[in-house]
Amino acid sequence: MATKATTPAKAPAKPAAKPRSKASPAKPTARRAAAKPATAPSVTAVRAVPVPATTSKAAPPSTIKTAATTLTPDPKAVAMLKEDHRAVAALFKEFKDATPARQLAIARETSAMLKVHTRIEEEIFYPEIKARIEDDMVNEAVVEHASAKDLILQIDAMTGKEELFTASVTVLSELIDHHVREEEAEMFRQAKASGTDLDALGERMEARKAELEADKAFLTTGWLTPPKPR
Ligand SMILES: [Fe+2]
Ligand SMILES: [Fe+2]
């Protein structure tokens, strides 16, 4: 005991702070840790990395531009068409696991929605942008509409009990999904860059949509007549 009391005599100068590091084997680490608090510089250095004065000057502009681009709302015409796309897609998704009765209801609902949607595009949206976007883009879209209409005609005549009923709706959903992807990835992008007043166009489309949705004759057989640009 007396011997130990003698040894500590060397440590008096510094020991006072180091004894706390019970883990003697890790002395080096403990010492560094004890030194850091006092040497605030090391902490400051770490924080300085993400806040480089140089970067802070360049980052803001690009960040703001990205945010602005992302948050810029679509003009009315594009927004309402996209809204239709989402609504139909949601119904087709529900169709997969729906009961037979619900599947038939979904088939009827998507049929009506697509009749109105394609008519608005063919009467108002497509004619307005056709000459201002890539050649044939509108023509290809109309041909795809025709394929969809053929299927819709067949599905409308079904009761839901036919062997091909589910397959017909599934193929229609796939066809529409492909068509929608092309419209949103290319056509709408080009339309927005064309200088067309898509907000004013959207007002006309919205009014026509309300008309068509309330027109039972259109939803029954009128949709089969060729659309006329308005
Ligand atoms: Fe569309
Ligand atoms: Fe379309």
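Quick look at the numbers
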{"item": "Residue satisfying condition, being in contact (Cβ under 8 Å) with a residue 40 or more places away in the chain, more than 16 Å from ligand 2 (Cβ to nearest atom) and among the charged types (D, E, K, R), within set 156, 215, 177, 135", "result": "156"}
{"item": "Criterion: assigned to a helix (DSSP H, G or I) and either more than 24 Å from residue 102 (Cα to Cα) or touching a residue at least 24 places away in the same chain (Cβ under 8 Å) (or both) - qualifying residue of 150, 199", "result": "199"}
{"item": "Residue match in segment 70-80 (condition: among the small types (Gly, Ala, Ser), at pLDDT 95 or above and over 25 Å from the mean Cα position of the chain (by Cα))", "result": "no"}
{"item": "Number of the exception - residue 175 against (1) under 22 Å from residue 77 (Cβ atoms); (2) surrounded by fewer than 19 Cβ atoms within 10 Å (Cβ to Cβ); (3) within 14 Å of ligand 1 (Cβ to nearest atom)", "result": "(1)"}
{"item": "Filter result for the condition that a residue is away from ligand 1 (no atom under 14 Å from the Cβ) and of a type outside the set (Ser, Thr, Tyr), over 148, 193", "result": "193"}
{"item": "Out of 170, 166, sole residue that is at pLDDT 95 or above, more than 16 Å from ligand 2 (Cβ to nearest atom) and more than 24 Å from the chain's Cα centre (by Cα)", "result": "166"}
{"item": "Options 148, 191, 185: the member that is of a type outside the set (Phe, Trp, Tyr), within 20 Å of the chain's Cα centre (by Cα) and buried (at least 17 other Cβ atoms within 10 Å of the Cβ)", "result": "191"}
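The values are calculated or read from the model by the stated rules, or taken from the named source; none is laboratory data. Computed from a predicted model, the values in this text were never measured in an experiment. Virtual Cβ from ideal backbone geometry, glycine too; neighbours counted across all protein chains shown.
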